[in-house]
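Okay, so here's the structure we're looking at.
Taken together, the values in this text are just the output of simple stated rules run on the coordinates, not laboratory data. Because the structure is predicted, anything quoted here is derived from the model rather than measured.
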Amino acid sequence: MGLYQLQPIIRSYDKRVDRARVEDLERRCEVGPTERVFLFTDTMGDPICRIRNSPMYKMLVAELDNELVGVIQGSIKVVTINKPPKDNIATGAKVGYILGLRVAPHQRRKGIGSSLVRELEEWFVLNEVDYAYMATEKDNEASVKLFVKKFGYNKFRTPAILINPVQNRPSHISSNVEISKLKVEEAESLYRKFMSSAEFFPNDINDILRNKLSLGTWVAYPRGESLGNTKSWAMLSVWNTGGLFKLWLGKAPLSCLIYTKSSRVISRLFPCFKLVPSLPDFFDPFGFYFMYGVHSEGPLSGKLVRSLCQFVHNMAIASKDCKVIVTEVGGHEFELRHHIPHWKLLCPEDLWCIKALKNKDHEEERNKDLLDQLTKTPPSKPLFVDPREV
C-alpha cells in the first residue's frame with residue numbers, strides 16, 4: 001500500500017487569523033548570503049499591500065495540518081495588448097497578474113506551489129481573464145521551470161530594472177530646461193494620447209494617477225518654449241513605495257539568517273547595499289521611489305528625461321525617507337536606459353511570462369493566436385510597468 005500524502009487546503013486569506021502567519025512565512029522563505037547583514041521588509045501590518053491598490057485582487061493561502069505553508073497573490077485589470085506590427089492595432093484585454101508565490105522551505109517539492117497557481121488561475125477564469133502573466137528574475141530557474149515548463153507560460157518580455165541610490169548631494173539640473181508639474185487631468189490626457197498603445201497600458205490610469213502613493217507627474221521641455229509648442233519634451237510620474245512598506249539593513253544572529261524577497265525589485269536591491277556597506281542610512285527604515293510612465297518626444301528627449309530623473313533625485317533627498325530610485329524600461333523605449341541615471345554594473349533583466357487562459361470558447365483560439373504572434377514578434381511599442389505591481 002502506497003504512502004498517503006496529505007493535500008493542502010487552499011483558501012482565501014483571512015486577515016484575522018492569517019496576517020501574523022503570512023508575515024512569519026515571508027521571513028522564513030528566503031535565506032540570505034553568508035554575510036550577517038540582511039535586507040528586511042516591513043509591510044506595516046498589511047501582507048496584501050502590494051495588490052490592495054489594484055481594481056480586483058485576491059490572496060490565497062495553503063494550510064497543511066493547521067500550518068500555513070504557502071501563499072500566492074493575484075490581481076486583475078484591463079490593459080492594452082498590441083496586435084502584431086502589420087496590423088498596428090491596440091486592443092484591450094483582461095489580464096491577471098501572479099505574484100508573491102511562497103512555500104515554506106520544509107514543504108517544498110510537494111506540489112503546494114502548483115496547487116496555489118492552479119487555484120489562482122481558476123479564479124482568473126471565473127472572472128473572465130484573457131491572459132495570466134507573471135514577472136520574475138531572469139535567472140530564477142525554479143520559477144521559470146514552474147511557470148514555463150509546467151504551466152505552459154510563454155516568455156514575453158525582458159525589461160531592465162534600473163536602480164539609482166540617492167546621494168546626499170543634489171543633482172544639477174540644466175538652466176535650459178523647464179520642469180512643470182501637471183494636474184492629474186492633464187497627466188491622464190497626455191498618457192492616453194501618447195501611451196495608450198503601449199503594451200500593458202492600464203485602462204484605469206486615472207485611478208493610478210489619483211492614488212495617494214502617486215506623488216505626481218512632471219514634464220520637461222526647453223526653457224523659453226511651451227509644452228504645447230515644442231518639438232522636444234518628456235514626462236514621468238513617481239510612485240512612493242514607502243507608503244506601502246519599508247526596507248532596512250540589519251544584522252542578525254546565525255539562527256535568524258533572513259533575507260526577505262517580497263518583490264522582484266526588492267530582490268535586486270540587496271546587491272546594491274553590499275556595494276556600499278558604509279552608508280549608515282540603509283540601516284534605518286527607508287522607502288524607494290518608482291518612476292513610471294516615462295515617455296519622451298523629439299531630438300532633445302534624452303536630455304529632458306535625464307533632467308526629470310535629476311529632479312526626482314532631488315525630491316528624494318528632500319523626502320528624508322527615500323534612499324533608492326528605481327524604474328523599469330523595456331520594449332520600444334529600452335534605449336532610454338542610457339539617459340536614466342543608474343548603477344551601470346547593476347542593470348538586471350526581468351522576465352515576463354504570459355499565458356492565454358481558457359475563457360469563452362470563441363475567444364480562446366483568438367487569444368492563443370494573438371499570444372503566439374506577440375511572443376514571437378520583437379517589441380515595437382513601449383512597455384508600461386504598473387507601479388502597483390512593483
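General remarks:
- Extension gain from Asp207 to Lys358, taking 0.36 nm per residue of separation minus the Cα-Cα distance: 51.5 nm
- Karplus-derived 3J(HN,Hα), 6.51/-1.76/1.60, for each residue of region 323-328, Hz, glycine and proline x: 10, 9, 10, 10, 8, 9
- Rule-of-thumb Rg ratio for region 94-187 [Cα; 2.2 N^0.38 Å; N residues]: 1.65
- Other-chain or far-sequence residues with amide H under 5 Å of Leu162's (modelled H): Thr327, Glu328, Val329
- Backbone HN-Hα couplings from phi across region 41-57 [Karplus 6.51/-1.76/1.60, Hz, Gly and Pro as x]: 10, 10, 7, 6, x, 9, x, 9, 4, 6, 10, 4, 8, 7, x, 9, 8
- Couplings 3J(HN,Hα) for region 163-177, derived from phi with the Karplus relation 6.51 cos²θ - 1.76 cosθ + 1.60 (θ = phi - 60°), are 10, 10, x, 7, 8, 6, 8, x, 7, 7, 10, 4, 6, 8, 10 Hz, where x marks Gly and Pro.
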